[in-house]
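A short worksheet on the structure shown next.
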Amino acid sequence: MRILISLFIIGLVSACQQPETNVTESIAIADNQQQIPEHLPLVEDRDIKNVIFLIGDGTGLAQIASGQLALVGPDGLLHMQTMPVTGFVKTHSSDNLITDSASGATAYSCGLKTYNGAIGVNPEQIPCKTILELAEEQGLSTGLVSTSSITHATPASFATHVEQRSMEDEIAYDFLDSGVEVFLGGGFEYFSEQHRADSLDLIGEFEDAGYQILRTKDDLQNSTSNQLLGLFADDGLERADTEPNSVAMIEKALSILSKNEDGFFLMLEGSQIDWAGHGNQVQYLLNEIKDFDAAVKASLDFAQEDGETLVVLTADHETGGMTLQRQLAEGDSLEIFWTTGYHTGTPVPLMAYGPHATEFMGWRDNTYVGHKIAELLGLNGFPILIQ
Ligand code: MG
Ligand code: ZN
């Protein structure tokens with residue numbers, strides 16, 4: 001009888017929670033870096049002018065730790081690990097303990113829980129005002145930077161309101177009236193008359209609205225406009241030589257947005273850390289962590305110099321159920337184990353640097369992060385529904 005019950009329980013568990021994958025891979029452990037970056041200090045609280053919000057999609061502790069071991073060694077530190085304030089984020093959505101990136105980003109952008117797939121709308125599909133929109137209303141400059149299509153769930157949730165994340169044609173269209181000064185990422189096809197279902201020449205519309213259109217890293221380098229639509233790939237960035245990396249994108253964004261005396265709000269996403277998790281591809285993951293961490297360094301350098309900039313870094317969820325499993329016999333490599341090809345409900349790290357960084361300590365709900373950023377920018381009354 002006991003065996004039967006056990007078999008029944010095993011059957012039940014495997015029916016409900018069968019991992020999609022059980023993949024083991026290994027990574028080479030790097031020699032310790034020569035110059036370990038310093039931990040950044042806490043800085044005195046004062047009014048915040050600028051916010052740089054960094055989202056590593058699918059970036060849990062294991063993703064950061066494996067990146068550190070493979071890139072800078074056991075004693076090294078990634079730049080994100082120098083941020084003085086750390087906390088944790090609980091990531092569940094309104095309809096699922098395992099969030100997707102749309103509801104995960106909407107929790108940050110609007111400060112409310114919504115259903116998986118929702119972009120800037122509440123569970124009743126009523127649009128909710130985002131931190132970025134509030135910043136625009138108060139005269140701040142704003143920017144969205146991603147390594148996915150710029151119309152993907154994470155960036156979309158900061159500037160548009162649609163019922164489903166798959167509506168990327170609509171999202172691209174809605175960006176036109178968002179007031180966002182700088183869009184940099186992939187997703188050319190959602191703006192192009194050749195690919196859009198409605199055959200609308202959205203590229204032309206953005207040009208008419210004053211945006212300079214950029215297609216390559218040279219275009220980005222040579223751009224002179226203060227309004228940019230950079231679309232460096234048809235969909236997600238492919239890491240082609242002609243594309244800019246995240247550092248090049250964030251440095252350009254910062255150079256434009258920081259011209260505004262009233263301040264700015266900038267969201268940068270390391271989008272493909274999540275995609276590497278979905279594919280259980282550790283080398284892909286390491287490349288993406290490296291790219292993201294370089295953008296983190298650029299953000300922290302800017303904030304240190306500026307003194308009125310808050311940098312907040314977190315993830316929307318963990319992807320892949322990644323674990324650091326065991327050091328292999330040779331001693332120079334580490335076994336990685338993936339338990340799923342989807343997201344997990346494991347809480348994710350939260351880091352902050354700059355004035356009021358300490359407000360991001362502790363175990364927080366994802367919605368708290370959105371509320372707090374809004375409050376620190378002097379934007380009150382979250383969440384706000386647009387009736
Ligand atoms: Mg994303
Ligand atoms: Zn994902």
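The values are calculated or read from the model by the stated rules, or taken from the named source; none is laboratory data. Here the structure is a predicted model, which means the values were calculated and not measured. Side chains included, ligands, DNA and RNA excluded: accessible areas come from the protein's heavy atoms. Shrake-Rupley method; radii C 1.70, N 1.55, O 1.52, S 1.80 Å.
A few remarks follow.
- Take V43: with every protein chain present and a 1.4 Å probe, its accessible area is about 50 Å².
- Among W275, W338, W363, the order of accessible area from largest down is W363, W275, W338, computed with a 1.4 Å probe on protein heavy atoms.
- Protein-only accessible surface order, largest first, of D235, D31, D198, D274 at 1.4 Å: D31, D198, D235, D274
- Measuring with a 1.4 angstrom probe and ignoring ligands and nucleic acids, K252 comes out at about 40 Å² accessible.
- Spherically averaged projected area in nm², based on the convex hull that wraps the Cα atoms of the stretch 143-246: 5.9 nm²
- Reach of K372 by Cα under 15 Å, taken over aspartates and glutamates that are not fewer than 8 positions away in the same chain: D45, D47, E359
- Of all accessible heavy-atom area on the chain, the percent that carbon and sulfur account for (1.4 Å): 49 percent
- Solvent-accessible area per residue in the stretch 30-84 equals 46 Å², computed with a 1.4 angstrom probe and all protein chains kept.
- Helical content of the chain, expressed as a calculated mean residue ellipticity at 222 nm, amounts to -10000 deg cm²/dmol (DSSP H runs of 4 or more residues, -39,500 (n - 2.57) each, divided by residue number, nearest 500).
- Note on the stretch 298-335 and the stretch 111-171: Cα centroid distance 25 Å, given to the nearest whole angstrom.
- Ordered from highest to lowest accessible area with the whole protein assembly present and a 1.4 Å probe, T367, T323, T160 read as T323, T367, T160.
- When the pairs K129/K259; K90/K252; K90/K290; K49/K217 are compared against a 27 Å limit on Cα-Cα distance, K90/K252; K49/K217 fall above it.
- With the convex hull of the Cα atoms taken as the outline of the chain, the averaged projected area works out to 21.4 nm².
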